1. Estimate for me the total accessible surface buried between chains B and A (protein heavy atoms, probe 1.4 Å, no ligands or nucleic acids), in Å² to the nearest 100.
2. Testing the spin-label approximation: label points 7 Å from Cα along Cα→Cβ at B:ARG50 and B:ASP232. State their distance in nm.
3. If I build a Gaussian network model for chain B, linking alpha-carbon pairs within less than 10 angstrom, which residue out of B:GLY77, B:GLY323, B:GLY30 has the largest mean-square fluctuation?
4. Cross-link partners among aspartates and glutamates for A:LYS217, C-alpha distance below 19 Å, same-chain residues fewer than 8 apart left out?
5. Quickly rank B:199-205, A:352-358 as a protection proxy: mean count of other C-beta atoms within 10 Å, highest first.
6. List the residues of the stretch A:122-158 that lose 40 Å² or more of accessible area once all protein chains are present, compared with their chain alone (1.4 Å probe, heavy atoms only, no ligands or nucleic acids).
7. Note the full-extension length gain between A:SER54 and A:ILE512 as 0.36 nm times their separation in residues minus their Cα-Cα distance, in nm to one decimal.
8. Calculate, for A:ARG457 and A:ALA374, the FRET efficiency according to 1/(1 + (r/R0)^6) with r their C-beta to C-beta distance and R0 45 Å; round to the nearest 0.05.
Amino acid sequence: MHIGIDVGSTNTDAVLMKGTQVVSWYKTPTTHDVTSGITSALTNLLAQSGAKPSQVNAVMIGTTHFTNAVVERRRLSQAACIRLGLPATAALPPMIDWPPDLRETIGNHWYLAHGGHEFDGRVIMPFDEQEIRGIARQIRAKGVDSIAISAVFSPVDQAHEHRAAQIVAEEIPGADLSISSEIGRIGLLERENAAIMNACLRDLAKAIVNSFRQSLKEMQIDAPFYISQNDGTLMSADYAEKYPVFTFASGPTNSMRGAAFLSGVKEAMVVDIGGTTSDVGMLVHGFPREASLAVQVGGVRTNFRMPDVYSFGLGGGSLVRRDPLLIGPQSVGYELTSKALIFGGDVLTTSDIAVAAGVADFGDKQRVAGLDPAFVQDALDRIQTMVAEAVDRMKTSAAPIPVILVGGGSVLISKPVQGASEVIKPENYAVANAIGAAIAQVGGETDRVFSLEKLTRDQALDQAKQEAIEKVLAAGAEPGSVQIVEVEEVPLAYLPSSAIRMHVKAIGDLRIEG
Amino acid sequence: MSQNHHDYWNVTPDEVESIALGAGILGTGGGGNPYLGKLRLWETMKRGGRPKVISPDQVPDEARISTVGGMGAPTVGIERLSQGEEMLGAVKMLEQHLGAPIPYVISGEIGGSNSLSALIVSAQSGRIAVDGDGMGRAFPELQMNTFVIGGIPVAPLAVCDVRGQSTVVSHVLNARWAERIACAVTVQMGGSSGLAARSMTGAEMKRAAVWDTLTLAKKLGEVVRQARIRRDDPALAAADTMNGQILFRGKIVDVTRRTTAGFARGHLRLRANSGSDELDIDIQNENLIARRDGEVIAVVPDLITLVTEDDGEPVGTEVLRYGLRVAVLGMPCTPQLRTETALQFVGPRAFGYEIDYKPLAGRWPGRVN
């Protein structure tokens, strides 16, 4: 059996699964120290299912801790950045587009060195070992021991980043190194930003992963545990300590993956309707589609593997106003159970509309009996339209596709959604997040520029696929389960010499021992 | 705007923000994202550089002036970031070749990332940037500009790479050859380079340049930013400023792209927000032709730009995707691009389309020399 845990900002959910079956689940408030919330969820989960700790083979955890740390500028450590690219890149030093407060929080330590590669693999300038040693010594003198290393076109050739890392490790024994080519894709500033954010989260990652480890130990669960990543795949706890940035945005991803699992549908639009907002994202092969534009985290541009999620102001607590009819974006939020009409309050909410229309049954429906039926119908139609528009916005082709509804607010949708081939409301939608964590797979991807001087396009594509497959196997996938789920090619405009950028992603089931 | 020799426009960082946004709208989907250029200019200004701009009519007739810009692939541009002085290095190389100083520079292209080129060189070196360019929009090739159309030789031209290596192309048969040679050198330099071209007199520049386009880009950026704050319609504000129109409002329902001969060619279909009207757009790095229900309603060299429906952010042809909700702006180009001679360089036939140019209604909002 295995356990999925979602440590959200409000609730900690845990779900026990046997293979692909949900055995039991438990929901408890998230605690300030995280550990006791998890311990409480696990204790109750095992107690109510009768399972023994020794029967648990794997634990998968989803957490928003690291995103929040950056957004709130809390518990970040000092970090330095070494960039190899001189004489190129000097015009735009590291962290140039960061919010100044965040840059200052982590010390604004950056160094430029010679090296890096051209798009076709030639070096920009030779690697200079003494230069890197000198920089490493300056960093050591400052007492900084978490270092991000970036190099121009390192997704094409990682050699300079790795040589620099080796030298820094020699000069600063025990230093934490965050290497940009292991973290991001083409786009130097964005990839480097991610590496630096990773560097300033390394201490926190050790602490958090350790507290997870502690909770499991207290529960006498002696199983490997994994942390979910923003692309819906898992990383091992050891890996998570090294790459905390990969947890960014794993929350919406897990809810979408959970929806895919609960419904059994892999190509669909997921609509997660909460109390205040709804998130809409598209599932492709059971995984969220990634955003193609730069995504900001805490004011910093990144090019992470982030789900492309559209959020809008519709939830079960959204305010409904008349003349003219207006729904949201304001919401009574967690006060729904005291402020909504059906709960004895005096605020007209979307939940009141659903109950008045007879599509949902909770609270006291007598309290909304006096609402004008025509108005109730108009409001319900408007809600329906809002969801249909959001679904349409996120579609990648005009063809109708299934829509999966999850979240407490999904009661608002009672009719077929325009543009949807069917509307699915799965059971157990309340713990879609934790289930999403529990069923996550492992993935690997390639994103780099191939010069087509010596390779044909097909050879380049094969090479890209092979690299992605090697990465997914290294991440712990069951060899037989590996498949390529995404292939994207972007030709490079303006240059007559042929080069192409390939983005390939492979996934596989996690090998679970026992 | 009235200026004299001692009354330069000292561009502020906030104006740079507006110019970059306006330049994106004038970029007609191509020209590269001005984001990195904006950061570069800001960084130069933070280090004490002050870009100075002069109106074209204030440049002395006998003064020497060159066009500046960056060459290369946007994907290289976002990875191998600029050393900073590639364009300045090219200007200096050209000066060395000519044996004479070049005190004035002008951007070759106001649309997209090259819009800020003259300002960057100005901030770095004290040379004066001229308020104008050679396109009044973006185009993919060196010969597609008003200097070439006006018969001003592109050579000598210099390219300079991130290492400070530079070379001069002193003689070419025509601008197409200049494009080929400079591009081949740029590939060897790693896919991007700084470019300085032409040795023009002030009088020649005044005759051939598109005037006041930095001011126009700034104004365009400002109205869009103001419309966002006031929650007005930014697309409409942009169209009005350009004496243009909103050709269409809708969402992208189909995108196809392929690369041939160094061009990203493609086709785009949009469907109206209400009703079943469709708009088709042909793309070759830039948006070139808009057809509504099969009928051509706007065509190059007039400007066709997609902006996001919500905030009027220009949408580059590289980030087009299904579902994006946009307004399509149709804006009249400068009359300099509408002459019979100009259309041979930048009209639909120059891009391989067997259709005639039909000018959009409305008058180019800039001064016409």
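1. Working: alone 15220 and 21450 Å², together 32880 Å².
Between B and A, the summed buried area is about 3800 Å².
2. Distance between label points: 3.3 nm.
3. B:GLY323
4. Cα-Cα hits under 19 Å: A:ASP6, A:ASP13, A:ASP33, A:ASP238, A:GLU241, A:GLU513.
5. On the way: B:199-205: 20.1, A:352-358: 22.1.
Ranked by mean Cβ neighbours within 10 Å, highest first: A:352-358, B:199-205.
6. In the stretch A:122-158, residues shielded by partner chains: A:ARG122, A:PHE153.
7. On the way: separation 458, 0.36 × 458 = 164.88 nm, distance 1.43 nm.
Here the answer is 163.5 nm.
8. Numbers: r = 60 Å, r/R0 = 1.34.
The value I calculate is 0.15.
The values are calculated or read from the model by the stated rules, or taken from the named source; none is laboratory data. For clarity, every value in this text was computed on a predicted model and none was experimentally measured. Positions of Cβ are generated from backbone atoms using ideal geometry, with glycine treated the same way; all protein chains shown enter the neighbour counts. Just so you know, the surface numbers come from the protein's heavy atoms only, side chains and all, with ligands and any DNA or RNA stripped out. Shrake-Rupley method; radii C 1.70, N 1.55, O 1.52, S 1.80 Å.
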